[in-house]
Amino acid sequence: MMAPAAATRAPLLSVRGLTKDFRMGGLFSRDRHRALNAVDVDIPHGRIVALVGESGSGKSTLARCLARLEQPSSGQVLLDGEDVLRTQKRGASRAYRSTVQMVFQDPFGSLNPVHRVEHFLRRALLVHGRPAGEDELRELITTVGLTEDMLESYPHELSGGQRQRVAIARALAVDPRLVLADEPTSMLDVSVRIGILNLMRRLRDEHGISLLYITHDLASARYVADTTQVLFAGELVEGGDSLALMDRPAHPYTQLLLSAVPDPERTEGYDPVLRAGLRAAVLTPESCPYEDEGTCSRTEPVRHTVGEDDGQPHWVRCHLYAPATPTARRVLTAATPEVENV
Amino acid sequence: MTVPSHRTASPHRPVPSREPVLDVRNLRVEYGGDGRSVVGADNVSFTIGAGEIFGLAGESGCGKSTVANAVMRLLKPPAQITAGSILFDGRDVLAMDPRELRAFRWREIAMVFQSAMNSLNPVLTIGEQIGDIFTTHERMRKRRARARSGELLELVGIDPARLKAYPHQLSGGMRQRVVIAMAVALKPTLLIMDEPTTALDVVVQQEIMAQIGDLQRELGFSVLFITHDISLMVELSHRMGVMYGGRLVELAAAKELFAQPLHPYTQALMNAFPPLTGPRVELTGLADTPRTEHGCGFHAHCPDDRSDCSTNIPDLREVAAGRFVARTGGGAR
């Protein structure tokens, strides 16, 4: 499934130290809520990167920052090595917008009900100065697995899954290299979710499009994404190859998330005591069941690689996995956090 | 497979009694008007025993919510119950008059609706809304109702101080718990839950489900649990039915059904959820074709024996003790 060649190529989009503060309260309020804190992510060419976490963990904020719908407070967004936050200060250029496209969660709200499907696609093509003939429209609509006659349909005539496909077709109209998909399946019925996930895989495999897939459904992230990043309270806590990460979750929060996925085949079942411990650990670092010294409250954890012995390497930010020797620790702390090799 | 289905429930749960609390027989609901009608549920029969958790699974539009609303007598025109019977504790629910219904609803059958957390009144505090149940149904004094409301909140793990909170001050998960607390306030015999956790994320969902499990063990009510998430259902339910196109296509003990689904639709529905373990294999999911009068809309995935399916889904047939499947030919695979 993975082309090994891509590992050597520079990533399509790199995020470095991205921080986003929201002002709380009134106009003159000085209260800030940090929605994202120093997030580092790489999105390689032709890969699907999943971003998982609970509601309020900052997943959507990250996507909105990348789509330039929000202005990050600090940090870098490097597209092909160019820091777009610096070079395009006042908002994204048209070139950026045609490279990075977004698909929203709610296909019922993102399509104007008074227009036909054809209108959305044609408009997207025209705005970006592309030919918008019948052939182009036909190609777009069939790429997302719909039939040509649906070009004539109004959004209300389509099912949720079909509407989401139209939203994806609209994103594809400008020939993007990166699609940010913010929970594209969570409003859809089970029967069509897999179809959308398979479409995302096809876009990657056949069109070489990179995707950032934002979800709280870990099973679907495992199914569709090459790498998965776990976001907790605005910080990335674990990341790496999806299969490795979910087979050997290291961070308490990742374990908490995974333990919450219903799985009838799980033998040990639900353990409220363990869950309460994990919950406490992620909320108050002092009570981490794995680290009785409460190191997290004193020092920021840095990225460590785990699972190398099992052949399932990925990184985790947790003191529990810190190398034993002080020298190694110093080196790791000093170095810029190395984003995982895909 | 010769064990009665009730006995196969997981060992840590109390074994449900054999006397059904709810007995739905050959239920048919039609949505009519303008000279044409759509069948929302057809020939649906199942029973729920005392203390039993029964699940109904299926995708949108399969009729599972229609069945739930029929049991509560909440269907409004153009929906109409055109055939069948619903017995609750031996009483005919369909024959109840409005006065009887008013006493019956909430006290005997309570319901947690889909997106229930948005059903709280935004301008009343949580305490006022819970208290309403006691003052209306039990004619309790305000002060007493307030105390009871506090106890209820504690039951679902929320600090009674939150009685003074307005719904917008609570998180989605907490609002959902409040709604569940309200549903069990009068200690109903049967609790209907229609997709109680769909709008919540996984961690909160798990906590709510555990809460429901605890409440059920504590208060001993029966549950009709409706969801499209088969894994979640298998974890919680004793027995479950799978609905498709308004009809039950399979009915069995939850663990058995999960271990060996017999109906091709059940298999496809289970195949629509990516697994958390094992190698990554391409899933096909479900066909996106609607059901028509010429076929059930599911032909593409069906194996050999569908001679009789083209016009309708066949009736349930018992293939082993407590295992029913809607297939014409063959037995257990």
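Here, each number is a calculation from the coordinates, and none is a lab measurement. It should be emphasised that the depicted structure is a prediction, and the values quoted were computed from it without experimental measurement. Here the Cβ positions follow ideal geometry from the backbone for every residue, glycine too, while neighbour counts run over all protein chains shown.
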Notebook entry, point to check: Ranking A:Leu51, B:Leu94, A:Leu158, B:Leu186 by Cβ neighbours within 10 Å, fewest first, what do you get?
Noted result: B:Leu94, B:Leu186, A:Leu158, A:Leu51
Next item on the list: Work out from phi, with θ = phi - 60° and the Karplus expression 6.51 cos²θ - 1.76 cosθ + 1.60, the ³J(HN,Hα) of each residue of the stretch A:189-201, listed in order in whole Hz, and give x for Gly and Pro.
Entry: 6, 3, 5, 10, 4, 4, x, 5, 4, 5, 4, 4, 4
Next item on the list: Can you give me the P(r) profile for the stretch B:116-187? Cα pairs, bins 10 angstrom wide beginning at 0, each as a whole percent.
Entry: 23, 60, 16, 0
Item checked: Of the GluC sites (Glu not before Pro) in the stretch B:112-188, those whose Cβ has at most 14 other Cβ within 10 Å and which sit in DSSP loop -> B:Glu138
Notebook entry, point to check: Amide H to amide H, which residues 5 or more places from B:Tyr244 or on other chains are under 5 Å from it, using H placed in the peptide plane?
Noted result: B:Val249
Next item on the list: Quote the FRET efficiency, to the nearest 0.05, computed for A:Glu136 versus B:Glu154 with a Förster distance R0 of 56 Å and r equal to the Cβ-Cβ distance.
Entry: 0.35
Margin query: Taking the alpha-carbon distance from B:Lys164 and a cut-off under 12 Å, which aspartates and glutamates remain once sequence neighbours fewer than 8 residues away in the same chain are dropped?
Written below: B:Glu128
Margin query: Averaged across B:226-234, how many Cβ atoms of other chains sit within 10 Å of each residue's Cβ atom?
Written below: 3
Next item on the list: Filter the trypsin sites (Lys or Arg not before Pro) in the stretch B:128-178 to those in DSSP coil with at most 14 other Cβ atoms within 10 Å of their Cβ, and list the result.
Entry: B:Arg139, B:Arg141
Item checked: Span from the the stretch A:109-164 Cα centroid across to the the stretch B:178-214 one, whole angstrom -> 40 Å
Note to self: Based on alpha-carbon centroids, what's the gap between the stretch B:120-167 and the stretch B:52-97 in Å, whole number please?
What the structure shows: 29 Å
Notebook entry, point to check: Expressed as a fraction of 2.2 N^0.38 Å, the rule-of-thumb size for a compact globular protein of N residues, what is the C-alpha radius of gyration of the stretch A:32-225?
Noted result: 1.01
Margin query: Per residue of the stretch A:230-240, what does 6.51 cos²θ - 1.76 cosθ + 1.60 with θ = phi - 60° give for ³J(HN,Hα)? Whole Hz please, x for Gly and Pro, Karplus curve as stated.
Written below: 9, 10, 9, 6, x, 10, 7, 10, 7, x, x
Note to self: Considering the Cα positions of the stretch B:59-210, please state its Rg to one decimal place and its Dmax as a whole number of Å.
What the structure shows: 16.4, 48
